[in-house]
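Notes follow once the structure below has been shown.
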């Protein structure tokens, strides 16, 4: 039982029903995020450069996860993951950074159904209904087939996130394992094919300062896919063996990510050639299936969509737990700090559904939503890994069931510097990658500003709340 935040009755927390392999299964769908951005990156900077940068960002994400394993075991009662660790670290020095980190993190994950719904719509229409022209004029918005598909994804993510996590985990595991089939095929089988060749590979990153900006700008975009491996940390209070499952879930998922994000781009680029990936950024997996297996394009499409749907559900569940915990910690309004009888933060999940419906109807551009969310997402990581250093200094005697060697202080500081660099360059150099612009940055800033408004509102709620009545013994 967790202590109540409203001074009345205690509220039951999450049930401990999952194991470390469930945490790993949550992240098995991340190759879907790789596949969505891989073709665009190869078309822009060449195969050699894209392969190198995807491997680099995966290695950086793995180092982040090692840091988060110590922090997650320290605060094993905290759902919602890394942003809540950042709040624990900065609450004494700069209290406003807590709500900033949690809202930045929450928005990035909360918008997953809109992002992935629009991605699914694009893949389906190109593969099965390329000539579809359906459109319904509703006055304020035009409702076409891609938007209808995206709304369906948002509703499905809401429905699956409203049921008990144990059942949802079964579906997530099945879809994640299914997605690993093309990963294994293209990440290993492609190298055995006589078609594999690196002859078409190029490196199109300029020299000097411009080249450094290009590298950092693309790493910022790629971080949105790779850094998501931390999602296993959001479910730490629900692991049965908290310390053992936390360590294994975060570290095993990080190593799988590193392997996949290194070998799969190399295998696909060698099998199909750099230009094919650039020309077919949404259809190269299907082309790869035909080249390697002689068919199966439709089956590969369905497997990819299954993986994307898992990412959408994972994002919804992750964000809802972050919003729930931020309410329990006094960082946002009280109304979100409630679980339903299935142990689900249903109010948070439902609010996220409404936000995603609005994004699909009135924005309708996956890239715009990605950039707006990624600004806050990288900021949340920066505050979290810097918070690791702060916690070691401010709370040296706090129990650490998982304790990293002292050299990790320097590694965490370097990770914070790296995150700061890609964040700064990513915001100011969007023209290099073609992902978003000033409008998307403005959306991100507006979301971060809302975090401070909601924090002040919560402080007002706390002042208006009558003092708790002591229980009689």
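Quick notes on this one:
- Here the translational diffusion coefficient of the chain follows from Stokes-Einstein with Rh set to the Kirkwood radius across Cα pairs; for 37 °C and 0.692 mPa s it amounts to 145 µm²/s.
- Inter-label distance for residue 403 and residue 198, nm, one decimal - labels placed 7 Å from Cα along Cα-to-Cβ: 4.4
- On full extension, the segment bounded by residue 275 and residue 155 gains 39.6 nm, given 0.36 nm per residue less the C-alpha separation.
- Label-point gap, in nm, between residue 456 and residue 393 - each point 7 angstrom along Cα→Cβ: 2.9
- Mean separation of Cα contacts under 8 Å, 6 or more apart, over the residue count of the range 20-459: relative contact order %: 34
- All-pairs alpha carbon distance profile, the range 183-293, 10 Å steps from 0, percent: 12, 30, 31, 19, 7, 0
- Crossing angle, helix 346-362 versus the chain [Cα axis fit, 0-90 degrees, rounded to tens]: 40
- Spatial extent of the range 257-330: Rg and Dmax, with the Cα atoms as the point set, Å: 17.5, 57
- Relative contact order (percent, whole number), the range 53-159, Cα cutoff 8 Å, 6+ residue spacing: 19
- Seen against the Cα atoms of the chain and their longest principal axis, helix 97-110 is set at about 40 degrees.
- Inter-label distance for residue 21 and residue 350, nm, one decimal - labels placed 7 Å from Cα along Cα-to-Cβ: 3.7
- Diffusion constant of the range 137-193 at 25 °C, which comes from Stokes-Einstein with the Kirkwood Cα-pair radius and 0.890 mPa s, µm²/s: 169
- Between the range 348-413 and the range 181-196, the alpha-carbon centres lie 34 Å apart.
- Evaluated at q = 0.15, 0.18, 0.24 Å⁻¹: base-10 log I(q)/I(0), Debye formula over Cα of the range 298-404: -0.92, -1.14, -1.30
- In degrees, nearest ten, helix 297-328 long axis to first principal axis of the chain (Cα): 20
- The range 88-215: C-alpha pair distances exceeding 17 Å, %: 79
Where a number appears in this text, it was derived from the coordinates with a stated rule and is not lab data. In this text the structure is predicted, and so the values were computed from the model without any measurement. Ideal geometry is used to build each Cβ from the backbone, glycine not excepted, and the neighbour counts take in all protein chains shown.
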